[in-house]
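**Q** Sharing a structure, written as structure tokens. Questions coming.
The values are calculated or read from the model by the stated rules, or taken from the named source; none is laboratory data. Model, not experiment: these values are computed from the prediction. FYI the Cβ positions are ideal-geometry reconstructions off the backbone, even for glycines, and counts take in every protein chain you see. The accessibility values were calculated without ligands, DNA or RNA, using every heavy atom of the protein model including side chains. Shrake-Rupley method; radii C 1.70, N 1.55, O 1.52, S 1.80 Å.
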Amino acid sequence: LPIFIVAFAMFVSLLALLKIPGTHYPAVWHYAFASETHFVLGFIGVVLLIGIPFLMLAYAGARMLFNIKKSSKIVGFTALGLWLVGVGICLVIGIRLASEFSEKENVRKEISLVQPASRMMIVEMNGSKNEEKKYDESDYDEDEDFQLNINDNRFLSQKVKLDIVKSPTDSFELVEILYARGGSRKNAIDNASHINYMFLQNDSALKLDRHFTLSPEEKYRAQKVQLLLRVPVGGKVKLDESLKNYIYDIDNIENVLDRDMLNRTWIMTEKGLRCVDCDGTESTLGGGELNINGDDGSQIKIDE
């Protein structure tokens, strides 16, 4: 049965390679290889590397089934030669592809925001309102960190994360850190600088895009976006529920977990973020619920 499964998978892959209607490869795969030629060679190498051993198993099974005791040396040497060719192709293409990810660099952009009159910023992901729920999905949180797709010949990625830190000034600021890999530091910087990320601000409302885009001529080189929202001391920030999959390990005085920081208002103090409207049901780092009796959650017990 495994032989037939592998044979069927190879057959469907061949149809996809020939661009037969109804079959296709994920378009993202093409964005990883340096050229279409490399993609085709890589496919051929994988087919030979995996397919030849299974074909030889099928050949051995047929000999046993039809009681053929003498094996053909020509078949054996031909299969070995093709398998070695597959190994060679995979090594060459694999090394070439790995070299395109060998260096990692980032481009940093500091963006001045319009200062809200209320000294409070409401942060949400753009397009999050009035969306229909997908009731057929599981209840657990789906990790969208690796979602990549192609839309209208544009490469889209949801590798976007948001962190909130204390501003060194008395103003709200946004910092974009664009990461990418490349065959050299220069290539990595070029790849990072070609990331297109957008956001909108309307006074106190800051709407962040759920994804960044790349132009069709760009290649996938592990690009990602890290956003730092700098909040001045005394400034407030409210985190919308739509940030659920986009925040990670935001430091705060009470050590409230990310998922319970949503739909809450936070004020920046000299020591860091402090919750303004928490009700004590929030989970904290290390387990348990938030103690809202003290400013920093500390307690003291006096013996009788």
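**Q** Is it fair to say residue 107 is surrounded by 11 or more Cβ atoms within 10 Å (Cβ to Cβ), within 24 Å of residue 185 (Cα to Cα), more than 24 Å from the chain's Cα centre (by Cα) and of a type outside the set (S, T, N, Q)?
**A** Details: surrounded by 11 or more Cβ atoms within 10 Å (Cβ to Cβ): yes; within 24 Å of residue 185 (Cα to Cα): yes; more than 24 Å from the chain's Cα centre (by Cα): no; of a type outside the set (S, T, N, Q): yes.
No.
**Q** A follow-up question, please. Can you pull out every residue in the range 220-249 that is touching a helix residue (DSSP H, G or I) at 6+ places or on another chain (Cβ under 9 Å) and either of a type in the set (S, T, N, Q) or open to solvent by 60 Å² or more (accessible area, probe 1.4 Å) (or both)?
**A** Those that are touching a helix residue (DSSP H, G or I) at 6+ places or on another chain (Cβ under 9 Å) and either of a type in the set (S, T, N, Q) or open to solvent by 60 Å² or more (accessible area, probe 1.4 Å) (or both): 223, 244, 248, 249.
**Q** Working only within the range 165-219, note down all residues that are under 20 Å from residue 238 (Cβ atoms), open to solvent by 40 Å² or more (accessible area, probe 1.4 Å) and of a type in the set (D, E, K, R).
**A** 166, 170, 203, 207, 210
**Q** Just give me the residues in the range 84-104 being within 24 Å of the chain's Cα centre (by Cα) and open to solvent by 40 Å² or more (accessible area, probe 1.4 Å), in sequence order.
**A** Once the filter is applied, which keeps residues that are within 24 Å of the chain's Cα centre (by Cα) and open to solvent by 40 Å² or more (accessible area, probe 1.4 Å), the range 84-104 yields 95, 96, 97, 98, 99, 100, 101, 102, 103, 104.
**Q** May I ask you to say which residue of 68, 74 is in a loop (DSSP other than H, G, I, E, B) and either farther than 30 Å from residue 221 by Cβ or modelled with pLDDT under 75 (or both)?
**A** So the residue among 68, 74 that is in a loop (DSSP other than H, G, I, E, B) and either farther than 30 Å from residue 221 by Cβ or modelled with pLDDT under 75 (or both) is 68.
**Q** Sticking with this one: Please work out which residue is most open to solvent (accessible area, probe 1.4 Å), limiting yourself to the range 256-296 and to residues that are of a type in the set (S, T, N, Q) and at pLDDT below 90. Talk me through it step by step, then tell me what you get.
**A** Looking only at the range 256-296, we keep the residues that are of a type in the set (S, T, N, Q), and these are 263, 265, 269, 281, 283-284, 291, 293.
With at pLDDT below 90 added as a condition, the list becomes 281, 283-284, 291, 293.
Numbers: 281: 80, 283: 33, 284: 19, 291: 30, 293: 145 Å².
Only one residue fits best here, namely 293.
**Q** Still on this model: Just for the range 224-261: of the residues that are of a type in the set (Val, Ile, Thr) and in a loop (DSSP other than H, G, I, E, B), which one is farthest from the chain's Cα centre (by Cα)?
**A** Among those that are of a type in the set (Val, Ile, Thr) and in a loop (DSSP other than H, G, I, E, B), it is 233.
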